[in-house]
């Protein structure tokens, strides 16, 4: 019970820092805080510490979809088109909301604001209200198996992400880079505003923002059971050339039970499943 309260408190602190970073000096990176995963394979609690990640949701430098964000012309209307980013508007289909594609190539409307609900009772992390019940169900199922899927970071405001994306650009410019290069380097750390699934409230970072999370019992449980609750591992290790994002074992996206099971069985990533490449 004491260990559970300890990790619960850490999860709250991490959530606050991630979602309100734009109000202070902490950069709200695509994954700003790294919470070391529980060493569940050894039965011991691991130390949790706050660190800045330097490579999170990093582009692989390859274009995956027809709406490429790496158009070298830089002549689009997008705010960051000067650096070669020209995402197309994401297709908002209310009948297929769970399959919304948001990435470096497809961007949400600037005023996109989903109805939110808490993912776990007593925890501040939120998701799209249509998704939250499924996360709660998955959380409770894992809990029954003796595991706790701490909801580290769910919904993130586009305005917060924009503030911190611009902060990252300024950081590189202060290091001597020109604005174009600074923007391109910033995008290797933080997805541009509106291009993150967190902005849609459809994804949850679970427990840790460290790749060592893949070595935990919690990750193994997710790989075996998450699809039954509609969640997929969004950025698999072997799909970087398609997703343009480095491996993130902590990032789990809701797509619905039927789609999640089909994606899991096929070994595809979401872009492949939607035939978006």
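The values are calculated or read from the model by the stated rules, or taken from the named source; none is laboratory data. From a predicted model like this one, the values you see are computed outputs, not experimental measurements. Cβ sites come from the backbone with ideal geometry, for glycine too, and all protein chains shown count toward neighbours.
Annotations for the structure displayed:
- Residue list for region 184-196, filter: surrounded by fewer than 24 Cβ atoms within 10 Å (Cβ to Cβ) and over 16 Å from residue 110 (Cβ atoms): 184, 185, 188
- Complete set of residues in region 94-120 that are under 25 Å from residue 136 (Cα atoms), modelled with pLDDT under 95 and either over 18 Å from the mean Cα position of the chain (by Cα) or outside any loop (DSSP other than H, G, I, E, B) (or both): 94
- Qualifying residue in region 156-169 (condition: more than 18 Å from the chain's Cα centre (by Cα), closer than 26 Å to residue 243 by Cα, surrounded by 23 or more Cβ atoms within 10 Å (Cβ to Cβ) and in contact (Cβ under 8 Å) with a residue 40 or more places away in the chain): no
- Qualifying positions in region 229-244 - free of Cβ contacts under 8 Å to residues at least 60 places away in the same chain and in contact with a helix residue (DSSP H, G or I) (Cβ under 9 Å, 6 or more places away or on another chain): 232, 233, 234, 236, 237, 239
- Selection within region 240-259 - modelled with pLDDT under 95 and over 14 Å from the mean Cα position of the chain (by Cα): 240, 241, 242
- The one condition in (1) surrounded by fewer than 21 Cβ atoms within 10 Å (Cβ to Cβ); (2) out of contact with any strand residue (DSSP E or B) (no Cβ under 6 Å at 6 or more places or on another chain) that residue 214 fails to fulfil: (2)
- Check on residue 146, more than 26 Å from residue 83 (Cβ to Cβ) and surrounded by 23 or more Cβ atoms within 10 Å (Cβ to Cβ): no
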